[in-house]
Every structure is written in structure tokens, then in C-alpha cells.
Amino acid sequence: MVPKYRQIHDALKGAIVTGEYKRGARLPSESELLKLFGASRLTVNRALRELQLSGFIERRAGSGSYVSGAALKDGFTFGLLIPGLGDTEIFEPICRGMAEAHLSEHHVLLWGKSPDDSRSVEQMARDWCKQWIARKVSGVFFAPLEHTAEKDIVNGRIAEQFRGAGIPVVLIDRDFVGFPNRSNYDLVSLDNRRAGYVLTTHLLSAGCKRVIFIGRVWPAPSCVARSFGYREALLTGGAEFHADFIRHVEPSETASIRQMIEELRPDGIVCSNDYMAAHVMQVLGSMSIGVPEDIKLAGFDDVKYARLLPVPLTTIRQPCHEIGRSAIALMAQRFLDPSRPPRDVLLNFELVIRASSGGSAGCSEEMTAALVAQ
């Protein structure tokens, strides 16, 4: 078991090198540290003395402890376990946000090697987990697997292995337990439930009376949260809703998409992401159904091609850079107080209104502000 003074030492050191306490900043007083860590004054003093001897802090009689000018000579190594990196556009700017956070130049963000053709995404994630544990990284940023039959088992085992190795984990974009349940890890993401509500409310305000939600099979908790927001918007707005208005299908299954549109006859569709929306738009075109004249369509993420589709797509823009920066801040806070309860950081978003819902760039700003303010 790690001695209490060493836990305090490591937590304060982590907060310093990750930017929670910057050069020259005053650390919490000894009395505050006693309460924060539930330790004796002797234990707190020993931790502070170790930090002073290693050059991280300066202790000034009658004033307190301050981060020294040499405090950032050491850094931490973080592992990225993001299976969708390279496949999903949102993760590249999230990682840039991490890299651009206020960190020491000696920090390192480690990417896992690209998977072999012979490896499944589940095996790739397991291999990265073993790699980061073997390298004894300081922490891991983990975007759990989605859209695979084994995702719940694999994600749970990976998180448990990191916990057993004493490596803190911050979840990116989504949890790995079904919404609205909650795992025991810090999480930073878009406020998906509210985003689903706002996007659906926009379609209702555009004149839709019968709106359905289409997501992928084995959805991630983030997409389930979007469907909860969708349902709440319909119920709050007095619009028609039935349980089978929420459907799950793979984007490549064009026949299934065609069948559900013929069966449900919607005049509005909320898709769980832009990728799904692009496929739905293609199916609608093949059915000679006009967007937005016959069906208004919207998605999530605002990927690069969203504005380049045959009908530019109305969508929710994720604050990717801020997700990355907030993930670093969460990791720093976890170093500072390893025993605190897990925290959700849910970030705001932008509703981008384009032609697929009957809007245009000229009307987006005013309408967006009104809807997001709800």
C-alpha cells in the first residue's frame, strides 16, 4: 500500500506538472491539506518536505508553500486509448486540445500503434491497455468502444485493469455503462441529452409533426442520451411519440432504412451522428423524397463533409478543443484528490442550422441562440 505522505506528494506533484498550480502559485495551506486528504499534520509536512527537496515547491515561513521556478522540469506520460482515432473526425481536434492545454513541454501524449488488418477493434483496445500498463503511464484518456457486440465486456475489463494497476482514467466523449447509469470514472463530453432536446426542438419549430430518431446498432451511451433528449423534446412539445419512433440500424443497411421510412412516414429525422444522416439522406434521394421539402433531417458532430452533402446538413457542433482541454484539467484534479467522487464535465455546443432542416446560414445565428438558451 502506498504511504499516505506519498499519496499526498504524488497528488500535489501531479497537479503542479499538469498546470493545476502554475509557477509561483500558492498551494493550499497545511490546514486545508489536512482536511482534503484526511491526514495528520506530520504526514502533510513530510509530503511538503519531499516536494521541497525535489525542487517542486518553495516553503516560506509565515506565508505558505509556492510552486518553484524549477517545478516543471519533470512531466507526466499519458496514454491515449481511443479506438476511433483516425476513423471519427471529432477525436483529432480533441487530442489537439489536450496537447494545447497548459502543460509542461516535457509532457508526452502517447498514441497506440495503428491496428493490423488481422486485429479486431476489441483486440486492438486490449493490446493498447496492456501496453500502457507495461509502460506505467501516469494516466490514460479512454474513449470506450462503441457499436460492437462485445463493447460492454471489453470496456469494463479495460477500466478494471487500469484501476488494478493504479492508473487514473478520464473517459472521453462517453461512458461505458448504459445511460443513465454511471461508471466510477471521470468523464468529459458534450451535453448529449440537452443537445438531443435542442436539435429536436429545432425540427419541431421548423414545422415537423412526426419526428423519428435513427441510431446505430449497439449504440454508445452518448447516443442513447441524445435519444432521451429527443424523446423529452417531443413530449414537452406535445408532438406525437411512440416507442418505435426510436430505431437502430447500421448505415449500410439501406433496405432497412427504406423500410422504416415507408413504415413510419416521418416528416423529420434526427440521426445519432452525421455519418448516419449522410446515409439516410442518400436513401431518401433514392426514394425521390426531397430534403427538406418532404423530410427535414439533422445529425450530430458537424464533421467536415456535413456542409458538402447534396443538401448541407443541420447538425450539433461539438466543442472538441474544449473537451480535450477539460480532460487534462480533470486528470490534474484527480491527481490532486484521488479519493474524490467521479465527476461529469458536460460541455455546451452549437446548433448549426443548414438547408437540410429548411434553414440557411443567414438565419442560423439568431435561431441557434434562442434554442440553446432553452
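The values are calculated or read from the model by the stated rules, or taken from the named source; none is laboratory data. Bear in mind that the values here come from a model prediction, so they are computed numbers and not experimental data. Every residue, glycine among them, receives a Cβ derived from its backbone with ideal geometry; neighbour counts consider all protein chains shown.
Summary of computed values
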{"read-out": "Candidates ILE172, ILE167, filtered to the one that is over 15 Å from the mean Cα position of the chain (by Cα) and either β-branched (Val, Ile, Thr) or buried (at least 24 other Cβ atoms within 10 Å of the Cβ) (or both)", "value": "ILE167"}
{"read-out": "Among the candidates LEU80, LEU48, residue that is within 35 Å of the chain's Cα centre (by Cα), at pLDDT 90 or above, in the same structural domain as ILE167 (by TED's automatic domain parsing) and surrounded by 14 or more Cβ atoms within 10 Å (Cβ to Cβ)", "value": "LEU80"}
{"read-out": "VAL67 of a type outside the set (Lys, Arg) and in contact with a Gly (Cβ under 7 Å, 6 or more places away or on another chain)", "value": "yes"}
{"read-out": "Candidate set from the stretch 334-360 (those that are under 18 Å from the mean Cα position of the chain (by Cα) and among the aliphatic types (A, V, I, L, M)); member that is farthest from HIS9 (Cα to Cα)", "value": "LEU351"}
{"read-out": "Strands (runs of 3 or more DSSP E) wholly inside the stretch 124-243 containing at least 1 residues that are acidic (Asp, Glu) and in contact (Cβ under 8 Å) with a residue 60 or more places away in the chain", "value": "186-190"}
{"read-out": "Out of ALA195, ALA220, sole residue that is within 30 Å of GLN333 (Cβ to Cβ), buried (at least 22 other Cβ atoms within 10 Å of the Cβ) and modelled with pLDDT under 95", "value": "ALA220"}
{"read-out": "Complete set of residues in the stretch 7-36 that are closer than 22 Å to PHE76 by Cα, without any contact (Cβ under 8 Å) to a residue 60 or more places away in the chain and assigned to a helix (DSSP H, G or I)", "value": "ILE8, HIS9, ILE16"}
{"read-out": "The stretch 98-123 - residue that is at pLDDT below 90 and assigned to a helix (DSSP H, G or I) and, of those, nearest to LEU330 (Cα to Cα)", "value": "MET98"}
{"read-out": "Hey, GLU58 more than 23 Å from ILE133 (Cα to Cα), more than 33 Å from the chain's Cα centre (by Cα) and without any contact (Cβ under 8 Å) to a residue 60 or more places away in the chain or not", "value": "yes"}
{"read-out": "Of the criteria (1) under 27 Å from VAL137 (Cα atoms); (2) surrounded by fewer than 18 Cβ atoms within 10 Å (Cβ to Cβ); (3) not polar (S, T, N, Q), which one ARG41 fails", "value": "(1)"}
{"read-out": "Residues (of a type outside the set (Gly, Ala, Ser) and either in the same structural domain as HIS9 (by TED's automatic domain parsing) or more than 23 Å from ALA99 (Cβ to Cβ) (or both)) located in the stretch 324-344", "value": "ASP337, PRO338, ARG340, PRO341, PRO342, ASP344"}
